[in-house]
Amino acid sequence: MKARVHVMLKNGVLDPQGEAVRHALGALGFDGVDGVRQGKVIELDLSETSRDKAKVSVTDMCEKLLANTVIESYRVEIL
Amino acid sequence: MRAGVIVFPGSNCDRDLAVAFAQAGADVSMVWHKDVSLPDNLDVIGIPGGFSFGDYLRCGAIAARSPICSAVVEHAKRGGYVIGICNGFQVLCETGLLPGTLMRNSGIKFVCKTIRLRVETTQGAFLQNYKMGQEIQMPVAHHDGNYTADDDLIARLDGDGRVAFRYLENPNGSASDIAGVLSANKRVLGLMPHPERAVEAAHGGTDGAALFAGLASVLENA
């Protein structure tokens, strides 16, 4: 079973890298990009076969390592 | 004073930190990250600067979950002294021993220069040899030194005398110009500037020496 974790900065946390990307897009002539937020996608191959157990386990991984919950939020997808 | 310096793959200030401890009179042991326990009777643990584990995932994140870090957390919880410098500060935030976190510099660029700081408290062994409000200089060299904490936390840190140093010219966008913070018991210090790179005249300044000397005076009398 595969799981995909999306990690994003929480709303209200300034994202300097996203801002740099936004400026670069403007420099390339892409007008009308009001904001860019950059995050991470982490894909996991799991031996677990129960979707419910996988979701619990991956959520625990997010809390303990994959996301820093001081500044980041996460979303777990079981594929 | 017995000091241990943790060495991760990618640490690059470990030997500088060992020299600074030794100059203050410490017996220094280097401790490999895969070790599961610390040498006996350590008084202080130093977590050095560098790029542990290549800054993969987040700065300090992988190092903070390495086997030795459980022992470092236990040492701190027993009231032991810990100092984390630069990447070491990032590691301490990731372990939860210090609050807040360090994000990418607001100006995106790596910042490498000597910078002016103000001493914000003289509580605890690390800071007792400075004067309140003293202006000092130390080098900074980091890409992710932007201290991030919400307003409530910063107010609490200020109220409890836990802000150790503030930047006089903020180089990285840190909240409230914070350059270093202390634990509640003032025995865990994390800071982005490098005191170990300011302990002898050849470094261009010696303002970091008081930090190690302060620690030594407390631990030698213990």
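Quick note: the coordinates plus some simple rules give every number you see, no bench work behind them. Predicted model, so just to flag it, every value in this text is computed and none were measured. A quick note on method: Cβ atoms are made from the backbone with ideal geometry, for glycine too, and the neighbour counts reach across all protein chains shown.
For the protein assembly as shown, what does the alpha-carbon gyration tensor say about shape, rounded, prolate or oblate, given a ≥ b ≥ c as the root eigenvalues, a/c under 1.5 as rounded, and a/b over b/c as prolate? Since a/c reaches 1.5 but b/c is at least a/b, the shape of the protein assembly as shown is classed as oblate. Inter-chain Cβ neighbour count for B:50-58, averaged per residue, equals 2 (cutoff 10 Å, partner chain atoms only).
By the count of neighbouring beta-carbon atoms within 10 Å, fewest first, B:I83, B:I47, B:I108, A:I42 end up ordered B:I108, A:I42, B:I83, B:I47. Converting phi to 3J(HN,Hα) with the Karplus coefficients 6.51, -1.76 and 1.60 and the offset θ = phi - 60°, the range A:59-65 yields 4, 4, 4, 5, 5, 8, 8 Hz in sequence order, with x at every glycine or proline. Take each residue in B:91-101, count the other chain C-beta atoms within 10 Å of its C-beta, and the mean is 1. The phi-based Karplus calculation (6.51 cos²θ - 1.76 cosθ + 1.60; θ = phi - 60°) puts the 3J(HN,Hα) values of the range B:186-202 at 6, 9, 10, 10, x, 8, 7, x, 9, x, 6, 9, 9, 10, 9, 4, 5 Hz, whole numbers, x for Gly and Pro. Summary of packing: across the peptides B:127-137, B:142-152, the per-residue average of other C-beta atoms within 10 Å ranks them, highest first, as B:142-152, B:127-137. Stretching the chain fully between B:A202 and B:K109 yields a gain of 30.8 nm (0.36 nm per residue, less the alpha carbon separation). Peptide packing for B:180-191, B:51-62 was compared via the average number of neighbouring C-beta atoms within 10 Å per residue; ordered from the highest value, the list is B:180-191, B:51-62.
The mean number of partner chain beta-carbon atoms within 10 angstrom of a residue's beta-carbon across peptide A:64-71 is 6. Residue by residue, the range B:161-170 carries 3J(HN,Hα) couplings of x, 9, 7, 7, 9, 10, 6, 7, 10, 5 Hz when phi is fed to the Karplus relation 6.51 cos²θ - 1.76 cosθ + 1.60 (θ = phi - 60°); x denotes Gly or Pro. Remark on B:F51: its backbone amide H falls under 5 Å from those of B:S11, B:N12, a criterion applied only to residues 5 or more positions apart or on other chains, H modelled at 1.01 Å from N.
Pairs over the 21 Å Cα-Cα cut-off, from the set A:K10/B:K34; A:K64/B:K34; A:K10/B:K113; A:K55/B:K77; A:K2/A:K64: A:K10/B:K34; A:K10/B:K113; A:K55/B:K77. Taking the inverse of the mean reciprocal distance over all distinct Cα pairs, the Kirkwood hydrodynamic radius of chain B comes to 16.8 Å.
Run the Debye formula on the Cα coordinates of the range A:2-78, all scatterers equal and no solvent, and tell me log10 I(q)/I(0) at q = 0.24, 0.27 1/Å. Log10 of I(q)/I(0), two decimals: -1.02, -1.17. Among beta bridges from DSSP that stay inside the protein assembly as shown, the antiparallel ones total about 65%. Remark on B:D207: its backbone amide H falls under 5 Å from those of B:Q137, a criterion applied only to residues 5 or more positions apart or on other chains, H modelled at 1.01 Å from N.
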